[in-house]
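S.K.: For reference, the structure I am asking about is given below.
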Amino acid sequence: MSVVVRFAPSPTGPLHIGGVRTALFNYLYVRQQGGRFILRIEDTDRTRFVPGAEEYIIEALNWLGIAFDEDVNQGGPVGPYRQSDRSAQGLYRQYADQLIEEGKAYLAFDTPAELDAMRERLKEAGSSTQQYNALTRHEMTNSLTLSAQEVQNKIDAGEAYVVRMKMPENENVSFKDVVREEVTFNTNQLDDKILLKSDGLPTYHLANIVDDHLMEVTHVIRGEEWLSSTPLHVLLYRAFDWTPPTFVHLPLILNPNGKGKMSKRQGDKLGFSVFPTNWTNAEGEVSTGYREDGYLPEAMMNFLALLGWNPGDEEEVMDEARLTERFSLERIGNKGATFDIDKLKWFNQTYIRAKSPADLLPLIAPYWSEAGYNLQVDESYLHQIIALLQERVTLLPDFVDQAAYFFAAPTEYDAKFAKKRWKAHSGELMLAMKAKFEQVSNWNAEELHQCFESLIAEREIGAGQVLAPFRLLLTGLSSGPGAFDIAALLGADETYRRIELAIASLG
Ligand code: GLU
């Protein structure tokens, strides 16, 4: 049987990093096994619906390189792929009706006030739970306590009702999860959960399992927060006489300090969504976004793959092909995975270094344009800038500050460094070096370096006395790539001009 997995986000806001991880694990698994990957939009909770969220989710996953075989845009054999569209076809109601006919679900007309009163009564009687279930349903207003005629009268009168699942009384039910031991629960702990709401729309539970069944999903790979819903889902599969899929619940993603779920993040500023948005997170902060922060999708993918999964050895840097090869459900851990932003930065650095300057240029160019750098120059000049800097940056925007002096002479010099390293004789030394530069036959880093060697030998001075002021006049900074590499790239005229500018300014 070929594998079918799905990613089933609710369009309630930007894609949280945990959701991206879930999508990725599904993706790696299905690419490895061969099969179909479905994107299903679970939008039946209209109170939490956020316009634009669906497009955001798709765009964010595209950016990461996660592609679906079937979704709202491409369609496919088991569509529609949006639950509101499926609901409009009467699909969920039909299944709710089936359960009602079979005596496995019932209509409940209780008003919110009646439900409150029931809970109050139970509390006063000292009951530890205040559930609508086998213990209480007989005292409520539902199709189990009313006659068929009374039910019909209420429906005809337009009274609001929900459809509830009739939980079996005091039964132990077990299910297997790939990541954990067998899970057993007693049905008395469960509520007669609502399957169809008074607005006629299904709850998450009904829609989710009906769709997983109709879409022939073989593996449900999702976050641990859904584990507590799984007993109900297992009972629904049983009620319909359907075979449940294999369940894989991914461990929680923890804050960097190892305490608490990522969504309730504290401490370090972590972009919680992939792109910046106007949406706020639970703490009321507006998201920054990993893409704009300058993370590469490959780095993000590699990092996320290791949040809750590991290959069982030391291998860490794995591109999509390698991850697909090595991924396994069996090696998903059941302990919370700590989100370590420094590790993500390390991956980013690693992937930036591994790319060719030509591949990096289109990624960096937007940042440079925004900074006002003139990019109407020979492309090989831009490539060479990138080659000099790529070993030294962590995030794409680091290329902005570090490359500034390749596009314009410094207008100010690092004051602390200048005070320490630009001495009274520095100007004269720079002119002496310039005189040597004027003799070289080829303007390249090696020949310029030889000029410097001969100068310090003649003068019997330390290298720093020449190197520090030379770097300062070229870049305005105290550190960076090799000063002769920079001068070689800037060219003779520009190097001489910067020598003059620095002498005019620093003496
Ligand atoms: N709509 C649910 C969510 O937003 C899907 C959970 C599941 O995968 O079953 O995460």
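S.K.: Post the alpha-carbon centroid distance, the stretch 115-132 to the stretch 224-258, in whole angstrom.
M.R.: Using only Cα atoms to place each centre, the spacing works out to 28 Å.
S.K.: Using only the alpha-carbon atoms of the stretch 27-118, report the extent along each of the three principal axes, biggest first, to the nearest angstrom.
M.R.: 51, 30, 24
S.K.: Give the residue list of chymotrypsin sites (Phe, Trp or Tyr not before Pro) in the stretch 35-126 that are DSSP loop and have at most 15 other beta-carbon atoms within 10 angstrom.
M.R.: Numbers: sites: 37, 49, 56, 63, 68, 81, 92, 95, 106, 109; in loops: 49, 68, 81, 109.
Answer in residue order: 49.
S.K.: Then there's this: Based on the Kirkwood radius over alpha-carbon pairs, what is the Stokes-Einstein translational diffusion coefficient of the stretch 455-507 at 37 °C with 0.692 mPa s viscosity, in µm²/s?
M.R.: 283 µm²/s
S.K.: How far is the Cα center of the stretch 1-60 from the Cα center of the stretch 145-192, in Å?
M.R.: Between the Cα centre of the stretch 1-60 and that of the stretch 145-192, the gap is 28 Å.
S.K.: Please get the size of the charge dipole for the stretch 1-86, origin at its Cα centre, with Cβ charges of +1 on Lys and Arg and -1 on Asp and Glu, quoted in debye to the nearest 20. It would help to have the intermediate numbers written out before the result.
M.R.: On the way: 9 positive and 10 negative charges, 53 e Å.
The dipole of the stretch 1-86 has a size of about 260 debye.
S.K.: Using all Cα-Cα distances in the stretch 63-115, what percent lands in each 10 angstrom bin from 0 up to the longest?
M.R.: 19, 27, 28, 16, 10, 0
S.K.: Tell me the mean residue ellipticity at 222 nm calculated for the chain from its helices only (DSSP H runs of n ≥ 4, each -39500 (n - 2.57), averaged over every residue, nearest 500).
M.R.: -13500 deg cm²/dmol
S.K.: Report Rg/Rh for the stretch 106-181, rounded to two decimals, where Rg is the Cα radius of gyration and Rh the Kirkwood radius.
M.R.: 1.10
S.K.: If you average the alpha carbon positions of the stretch 391-412 and of the stretch 335-354, how far apart do those two centres end up, in angstrom?
M.R.: Using only Cα atoms, the two centres lie 23 Å from each other.
S.K.: For the stretch 1-157, take the alpha-carbon Rg, divide it by the Kirkwood Rh, and send me Rg/Rh.
M.R.: In the stretch 1-157, Rg relative to Rh is 1.11.
S.K.: Same structure, new question: When the distances between all Cα atoms of the chain are binned every 10 Å from zero, what whole-number percent does each bin get?
M.R.: 3, 15, 20, 18, 14, 10, 7, 6, 4, 2, 0, 0
S.K.: Which percent of Cα-Cα pairs in the stretch 330-422 sits in each 10 Å bin, short to long?
M.R.: All Cα pairs considered, the percentages come to 13, 37, 25, 16, 6, 3, 0.
S.K.: Where the only charges are on Cβ atoms (+1 Lys, Arg; -1 Asp, Glu), what is the dipole of the chain about its Cα centre, to the nearest 20 debye?
M.R.: Charge dipole, the chain, about its Cα centre: 940 debye, nearest 20.
S.K.: Where both residues lie in the stretch 3-130, what percent of DSSP beta bridges are antiparallel, nearest 5?
M.R.: 10 percent
S.K.: Can you give the extra length, in nm with one decimal, that the chain gains between residue 135 and residue 504 once fully stretched, where that is 0.36 nm per residue apart less the Cα-Cα distance?
M.R.: Difference between extended and current length: 123.8 nm.
S.K.: Hey, another quick one. Label residue 325 and residue 85 with points 7 Å out from Cα along Cα→Cβ: what is the distance between them in nm?
M.R.: 3.8 nm
S.K.: Here is a further query. Would you kindly state the longest site-free stretch of the chain, with sites defined as trypsin sites (Lys or Arg not before Pro) in a DSSP loop (not H, G, I, E, B) surrounded by at most 10 other Cβ atoms within 10 Å?
M.R.: So the longest stretch without any such site is 1-268.
S.K.: Pairs 123/197; 345/416; 154/197: which are spaced more than 20 Å apart, C-alpha to C-alpha?
M.R.: 123/197; 345/416
S.K.: For the stretch 104-241, what class follows from the C-alpha gyration tensor (a ≥ b ≥ c being the square roots of its eigenvalues): rounded when a/c is under 1.5, otherwise prolate if a/b is larger than b/c, else oblate?
M.R.: Cα axes put the stretch 104-241 in the oblate bin.
S.K.: Just going by the charge dipole of the chain, with Lys and Arg at +1 and Asp and Glu at -1 on Cβ, which of 94, 410, 51 is farthest out on the positive end?
M.R.: Result: 410.
S.K.: Considering only 246, 395, 463, whose Cα is most displaced toward the positive end of the charge dipole of the chain, charges sitting on Cβ of Lys, Arg (+1) and Asp, Glu (-1)?
M.R.: Most positive-ward Cα: 463.
S.K.: Report the charge-dipole magnitude of the stretch 281-379 in Debye, nearest 20, computed about the Cα centre from +1 at each Lys and Arg Cβ and -1 at each Asp and Glu Cβ. Don't jump to the answer; show the numbers that get you there.
M.R.: On the way: 9 positive and 19 negative charges, 37 e Å.
Around 180 debye, computed over the stretch 281-379.
Read-outs throughout are calculated quantities, based only on the coordinates presented, and are distinct from any laboratory measurement. None of the values given here were measured: they were computed from a predicted structure. Here Cβ is always computed from backbone atoms with ideal geometry, including for glycine, and neighbour counts include all displayed protein chains.
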